[in-house]
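Written out below as structure tokens is the structure these notes cover.
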Amino acid sequence: RLESWYPYIYSFTCSGCRISVSSVCFVMARRELPPEDSDLSRLFTRLWEVDDNRLTSGHDYAINLQGGTKRFWTRDHARDPLFTFVASTAFKRPTYKTFVALLDNYERATTVAESVTPEEERENWAFLDAIMDTRPMKETHRYLVEKGKSPHSERDFKRQLYDIWFKLYRRTRETRSLDSSGFEHVFVGECRGGQGREKREVIGFHNWIQYYLQEQLGNVDYKGYLLNKEVIYGFIFLLYITL
């Protein structure tokens, strides 16, 4: 069984305009995996079992689901924020602390070239060092080595992770700028489109910490969770309250 999360609808402030997107997920569901993914299912279960760094609901955080909604409804079905609280002590943990340090390293808008300073590069490596000290990442490394997908050396594996997450690339064929990276897209979020309010959209932004921090700043307006029958499995992704 694979624990997944259903998308929510919320508003996000991007360059001074509020826009609607639907990509952050928080409601748990289960679905059967195809046979060829059984190894991955076992890996995910193992990662959950060995993760002693994850947050505990009711102790480290609490969420308030409120009303259900549908993808194209504009009415707000959640009067209050999604997060009731997240313990401040969580952000003192090495993985959380080094992760948050990366969130202000990027240009929000696509087509704007990214530049990586020496300090930002040090922050990237500090994050990789922190996560490689955790049991889930050691298990992940072991699994990938067994599958012939990653090098045996932890040093070389971190270089592989660095290239996957932090190496810059072009978001679209139309731009010549190296304006995106895997880490920025998934964990930070990007804003693309024209200058008009209706033409802008947030892409990526698949991370609960960034969501929580933006909600605290008043940049995110949670509008409710998607009802089960509204879920499109292509939009489902893994999101645990852990890092």
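For the stretch 111-131, give me each residue that is more than 19 Å from Arg159 (Cβ to Cβ) and open to solvent by 40 Å² or more (accessible area, probe 1.4 Å). Of everything in the stretch 111-131, those that are more than 19 Å from Arg159 (Cβ to Cβ) and open to solvent by 40 Å² or more (accessible area, probe 1.4 Å) turn out to be Thr111, Val112, Ala113, Ser115, Thr117, Glu119.
Just one of (1) modelled with pLDDT of 90 or more; (2) open to solvent by 50 Å² or more (accessible area, probe 1.4 Å); (3) out of contact with any His (no Cβ under 9 Å at 6 or more places or on another chain); (4) over 27 Å from Ala130 (Cβ atoms) fails for Ala78. It is (2). For the stretch 57-73, a residue qualifies if it is part of a loop (DSSP other than H, G, I, E, B) and touching a residue at least 40 places away in the same chain (Cβ under 8 Å), and the qualifying residues are Asp60, Leu65, Gln66, Gly67, Lys70, Arg71, Trp73.
The single condition among (1) over 19 Å from the mean Cα position of the chain (by Cα); (2) in a helix (DSSP H, G or I) that Asn124 does not meet is (1). Can you pull out every residue in the stretch 81-110 that is part of a loop (DSSP other than H, G, I, E, B), crowded, with 16+ Cβ neighbours inside 10 Å and not aromatic (Phe, Trp, Tyr)? Residues satisfying the conditions are Pro81, Leu82, Ala101, Leu102, Leu103, Asn105, Glu107, Thr110. Consider His141 carefully, then state whether it is open to solvent by 30 Å² or more (accessible area, probe 1.4 Å) and modelled with pLDDT of 95 or more. When the stated conditions are applied, His141 does not pass them.
Here is a yes/no grid of residues against (1) in contact (Cβ under 8 Å) with a residue 40 or more places away in the chain; (2) small (Gly, Ala, Ser); (3) closer than 16 Å to Val188 by Cα:
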position	(1), (2), (3)
Thr117	no, no, no
Ala126	no, yes, no
Arg135	yes, no, no
Glu139	yes, no, no
Leu144	no, no, no
His152	no, no, no
Phe157	no, no, no
Gln160	no, no, no
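When the residues of the stretch 172-196 are filtered to those that are more than 17 Å from His206 (Cα to Cα) and open to solvent by 40 Å² or more (accessible area, probe 1.4 Å), which remaining residue is modelled with the highest pLDDT? Step by step, filter the stretch 172-196, then rank; the result is Leu178.
The values are calculated or read from the model by the stated rules, or taken from the named source; none is laboratory data. Keep in mind that what you see is a predicted model, and the values were worked out from it rather than measured. Note that we place each Cβ from the backbone using ideal geometry, even for glycine, and neighbour counts take in every protein chain shown. With ligands, DNA and RNA removed, areas are computed over all heavy atoms of the protein, side chains included. Shrake-Rupley method; radii C 1.70, N 1.55, O 1.52, S 1.80 Å.
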